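Here's the structure we're looking at; comments come further down.
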Amino acid sequence: MTPAALRIAEVGHSYGSRMALESVSLTAVGGVVTVLGPNGAGKSTLLRSIATVQRPQMGTIHVDGLDVTADPERTEARRRLGYMPQEPRFAPRATVFDVVDYLAICKEHHDRRARHREVRRVLDLAQLGDRATERIKALSGGMVRRLGLAQALLGAPRLLVLDEPAAGLDPDQRLRLRDMLSHLATSATVVVSTHLTDEAAAVSTQVVVIAGGQTRFTGTPASLAAHAEGRVWRSEGAPPQALRSWREPDGTYRCIGEPPHGAELLAPTIEDGYLLLVAQH
């Protein structure tokens, strides 16, 4: 199976007088595209638009050449994608198996025996195979998110859209998620939103930084870190000229911005590059 071709051109969307997205563009075929940005930056609006949950007010989104804003083509595009919203919600008295089975029916998996095999497959991928008969109300928050991931994986979609999939997962589960995304990226285009820069550094082939509803950066994790080259330094106190600074365990401060003459420069990380971009905008 080949990854879907995703093309986003000049997408914009507003809520009343607030512009959530403005002229956002992106292209991807395969790999993991991570959308980084602060709360309220427009990440979820962008992912909902890609997943056909809402129509952008401006611009176009194409999946394998299909216009997801047009009624006949949107249905066909939906057959190629899996979507995990930021806050998955399920009927509390339903069982884990039933909620995934129900979506499988909605996604046109009509053969009962084959459908149940697929439900068990994605539950195992999400480490919920042993919870299949439990009711949703008995699950932890992290388990509910993993159930949302299981639903998104149904049918091995060629475009996978995941909104904050690592939220609420413990370190071991986050490592397993990274491994899963790395494998999925060989047969699907994976679009992930997060505010965790370490997750972006670990799995991304492409990083997109959105701030104030606009694209501020598109490139590799290494090039995002390089954006802060020569602009990260160590200081004995919090200097006023720093755009961002924080106290390290040894009592010194890591600072981002325009370093003073003679400052001890530090090797930049992807987090430094991201914080610098956000602070500038």
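Among residues belonging to region 133-146 that are assigned to a loop (DSSP other than H, G, I, E, B) and of a type outside the set (A, V, I, L, M, F, W, C), point out the one that is nearest to Tyr83 (Cα to Cα). Walk me through how you get there before you give the answer.
We begin by selecting, within region 133-146, every residue assigned to a loop (DSSP other than H, G, I, E, B); these are 133-134, 139-140.
Pick out the ones that are also of a type outside the set (A, V, I, L, M, F, W, C) and you get 133-134, 140.
Values: Thr133: 23, Glu134: 23, Ser140: 21 Å.
Step by step, filter region 133-146, then rank; the result is Ser140.
Could you tell me how many of the residues in region 50-75 are under 18 Å from Gly213 (Cα atoms) and either free of Cβ contacts under 8 Å to residues at least 40 places away in the same chain or assigned to a strand (DSSP E or B) (or both)?
5
Somewhere in region 99-113, is a residue touching a Phe, Trp or Tyr at 6+ places or on another chain (Cβ under 8 Å) and either part of a loop (DSSP other than H, G, I, E, B) or open to solvent by less than 40 Å² (accessible area, probe 1.4 Å) (or both)? Give the steps one after another, and end with the answer.
Filtering region 99-113 for residues touching a Phe, Trp or Tyr at 6+ places or on another chain (Cβ under 8 Å) gives 99.
Still in the list and also either part of a loop (DSSP other than H, G, I, E, B) or open to solvent by less than 40 Å² (accessible area, probe 1.4 Å) (or both): 99.
Within region 99-113 (the criterion being touching a Phe, Trp or Tyr at 6+ places or on another chain (Cβ under 8 Å) and either part of a loop (DSSP other than H, G, I, E, B) or open to solvent by less than 40 Å² (accessible area, probe 1.4 Å) (or both)), the answer is yes, since at least one residue qualifies.
Return the residues of region 241-260 that are among the aromatic types (Phe, Trp, Tyr) and exposed (fewer than 12 other Cβ atoms within 10 Å of the Cβ); say none if nothing qualifies.
First, the residues of region 241-260 that are among the aromatic types (Phe, Trp, Tyr): 246, 253.
Once the filter is applied, which keeps residues that are among the aromatic types (Phe, Trp, Tyr) and exposed (fewer than 12 other Cβ atoms within 10 Å of the Cβ), region 241-260 yields only Trp246.
From the list Gly148, Gly168, which one is surrounded by fewer than 18 Cβ atoms within 10 Å (Cβ to Cβ) and more than 17 Å from Leu6 (Cα to Cα)?
None of the others qualify; the one that does is Gly168.
Return the pairs, sorted by first residue and then second, in which the second residue is open to solvent by less than 70 Å² (accessible area, probe 1.4 Å) and of a type in the set (Lys, Arg), the first residue lies in region 246-260 and is under 15 Å from Ala228 (Cβ atoms), the beta carbons are less than 8 Å apart, and the residues are 6+ apart or on different chains.
Close Cβ pairs (under 8 Å, with a partner that is open to solvent by less than 70 Å² (accessible area, probe 1.4 Å) and of a type in the set (Lys, Arg)) amount to Trp246/Arg254; Ile256/Arg231; Gly257/Arg231; Glu258/Arg231; Pro259/Arg231.
Here is a list: Ala225, Ala188, Ala211. Which entry is surrounded by 17 or more Cβ atoms within 10 Å (Cβ to Cβ), closer than 20 Å to Arg121 by Cα and touching a Gly at 6+ places or on another chain (Cβ under 8 Å)? Break it down stepwise before answering.
Working: Ala225 fails: closer than 20 Å to Arg121 by Cα; Ala211 fails: closer than 20 Å to Arg121 by Cα.
After ruling out the rest, the residue left standing is Ala188.
Might you check whether a residue that is more than 21 Å from the chain's Cα centre (by Cα) and outside any loop (DSSP other than H, G, I, E, B) occurs anywhere in region 27-46?
Scanning region 27-46 turns up no residue that is more than 21 Å from the chain's Cα centre (by Cα) and outside any loop (DSSP other than H, G, I, E, B).
Looking only at region 29-57, which residues are closer than 16 Å to Val278 by Cα and of a type in the set (A, V, I, L, M)?
The answer is Val35, Leu36, Ala41.
Listed here are the residues, each with its yes/no results for (1) in contact with a strand residue (DSSP E or B) (Cβ under 6 Å, 6 or more places away or on another chain); (2) within 26 Å of Pro268 (Cα to Cα); (3) at pLDDT 95 or above.
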residue: Ala152; (1), (2), (3): yes, no, yes
residue: Arg158; (1), (2), (3): no, no, yes
residue: Met180; (1), (2), (3): no, no, no
residue: Val203; (1), (2), (3): yes, yes, no
residue: Leu224; (1), (2), (3): yes, yes, yes
residue: Ala228; (1), (2), (3): no, yes, yes
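Conditions: (1) within 21 Å of the chain's Cα centre (by Cα); (2) closer than 30 Å to Glu271 by Cα; (3) of a type outside the set (Asp, Glu). Arg18 meets all but one. Number of the miss?
(1)
Which ones in region 54-94 are open to solvent by 30 Å² or more (accessible area, probe 1.4 Å) and in contact with a Pro (Cβ under 8 Å, 6 or more places away or on another chain)?
Passing the criteria: Thr69, Arg80.
Of everything in region 36-49, what is modelled with pLDDT of 90 or more, out of contact with any Leu (no Cβ under 7 Å at 6 or more places or on another chain) and either among the aliphatic types (A, V, I, L, M) or open to solvent by 40 Å² or more (accessible area, probe 1.4 Å) (or both)? Give them in sequence order.
Leu36, Leu47, Arg48
Would you mind finding the one in Arg234, Arg158 that is on the phi < 0 side of the Ramachandran plot, surrounded by fewer than 17 Cβ atoms within 10 Å (Cβ to Cβ) and touching a residue at least 24 places away in the same chain (Cβ under 8 Å)? It would help to see each step written out before you state the result.
Numbers: Arg158 fails: surrounded by fewer than 17 Cβ atoms within 10 Å (Cβ to Cβ).
Being on the phi < 0 side of the Ramachandran plot, surrounded by fewer than 17 Cβ atoms within 10 Å (Cβ to Cβ) and touching a residue at least 24 places away in the same chain (Cβ under 8 Å) holds for just one of Arg234, Arg158, which is Arg234.
Consider Arg89 against the criteria (1) touching a His at 6+ places or on another chain (Cβ under 9 Å); (2) modelled with pLDDT under 95: it satisfies all of them except one. Which criterion is unmet?
(1)
The values are calculated or read from the model by the stated rules, or taken from the named source; none is laboratory data. Since the model is a prediction, treat every value here as computed from it, not as a measurement. Note that we place each Cβ from the backbone using ideal geometry, even for glycine, and neighbour counts take in every protein chain shown. When the accessible area is computed, the model is the full protein with side chains, heavy atoms only, and any ligands, DNA or RNA have been set aside. Shrake-Rupley method; radii C 1.70, N 1.55, O 1.52, S 1.80 Å.
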